[in-house]
Amino acid sequence: QVQLVESGGGLVQAGGSLRLSCAASGRTFSNYAMGWFRQAPGKEREFVAAISWSGGTYYTDSVKGRFTVSRDNAKNMVYLQMNSLKPEDTAVYYCAADRVGLGMRVEAMEYWGKGTLVTVSS
């Protein structure tokens, strides 16, 4: 069992930065690929970034060069550094854990946090 709690969301102006954190419980955290997803109002949940258990990182095209995903297995933490934020980044951001894959597919994620709201004003 893995429990996930996101934090760090808020209101920021376009061009600004935020750092999201995801605290994970469970002794086997390091065995999971971790993904960040987001869901804007009226839209489906979509993949943002992922980091494998070995540290490999993956990003959706719209955030490449602006977002950085990282993890600290000793602290059971995953982070999403978001720079050069745009109004279209506004969404609820979720972290999720994937035991068998790369952490990139909504349908494959085994555990989810409750999300943290990011609002980017123009």
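Just so you know, all these numbers are worked out from the coordinates, no wet-lab data involved. Just so it is clear, the model here is predicted, and its values are computed rather than measured. Neighbour counts are summed over all protein chains in view; Cβ atoms, including those assigned to glycine, are modelled from backbone coordinates with ideal geometry.
Quick notes on this structure:
- Per-residue ³J(HN,Hα) for region 2-16, Karplus 6.51 cos²θ - 1.76 cosθ + 1.60, θ = phi - 60°, Hz, x for Gly and Pro: 10, 10, 10, 9, 8, 7, x, x, x, 9, 9, 7, 4, x, x
- Close amide H contacts of Lys86 (hydrogens built in the peptide plane, cut-off under 5 Å, sequence separation of 5 or more or a different chain): Gly15.
- Close amide H partners of Tyr111, meaning residues 5 or more places away or on another chain with modelled amide H under 5 Å apart, are Ala97.
- As a ratio to 2.2 N^0.38 Å, the alpha-carbon radius of gyration for the chain is 0.97.
- Gln39-Ser17 FRET efficiency (beta carbon distance; Förster radius 22 Å; 0.05 resolution): 0.55
- In order through region 97-102: 3J(HN,Hα) via Karplus (6.51 cos²θ - 1.76 cosθ + 1.60), integer Hz, x for Gly, Pro: 10, 10, 6, 10, x, 9
- Overall form of region 82-122 per C-alpha gyration tensor (a/c, 1.5; a/b vs b/c): prolate
- Net charge contributed by nearby residues that have their C-beta within less than 15 Å of Asp61 (K/R +1, D/E -1): +1
- Gain on full stretching of the segment that runs from Gln1 to Ser62 - 0.36 nm per residue minus C-alpha separation: 18.8 nm
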